[in-house]
Amino acid sequence: MKNLYKKLLAVQTTIKAIEKDSVNPHFKNRYFDINTLLAELKPVLSANGLIVLQPLIIVDGVNTLQTHVIDAETAESITSSIVLPNTEKAQELGSAMTYYRRYALTSLFALE
């Protein structure tokens, strides 16, 4: 994990605060959407040899979103997972996935 931790530190020291460019009309607050986050994050991850995967998997019949940060050189990795809300409506599931993807990345990289 030594190499992965060094690379995570490099990512955290490179990425500055991400601009909140979207507005939630319900709560009237500002946030950065998943596309803005990925546009900022992916080039820095690539420059440090890191890969992010965020698959939806089913564990014991429950929809679970996993976030993997993988060192492409050493295969060292960190994984975070969260159970998604139980719904059969694709729109609700997609919305929850996007929300949790954004928060998982924000948390894993300690982003502002």
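The values are calculated or read from the model by the stated rules, or taken from the named source; none is laboratory data. What you see is a predicted model, and the numbers here were worked out from it, not measured in a lab. With ideal geometry, Cβ positions are generated from the backbone for all residues, glycine too; neighbour counts draw on all protein chains shown. Quick note on the areas: whole protein, heavy atoms, side chains included, nothing else; ligands and nucleic acids left out. Shrake-Rupley method; radii C 1.70, N 1.55, O 1.52, S 1.80 Å.
A few points about this structure:
- Magnitude of the charge dipole, the chain, Cβ model with Lys/Arg +1 and Asp/Glu -1, debye to 20: 280
- In the context of the full set of protein chains, the chain has a per residue accessible area of 64 Å² (1.4 Å probe).
- Relative to the globular-protein estimate of 2.2 N^0.38 Å, the Cα radius of gyration of the chain stands at 1.14.
- Helical runs assigned H by DSSP (4 residues or longer) give the chain a calculated mean residue ellipticity at 222 nm of -13500 deg cm²/dmol, each run adding -39500 (n - 2.57) before division by the residue total.
- Listed by chain and number, the lysines whose C-alpha is less than 19 Å from the C-alpha of Lys16, apart from same-chain residues fewer than 8 away, are Lys6, Lys7, Lys42.
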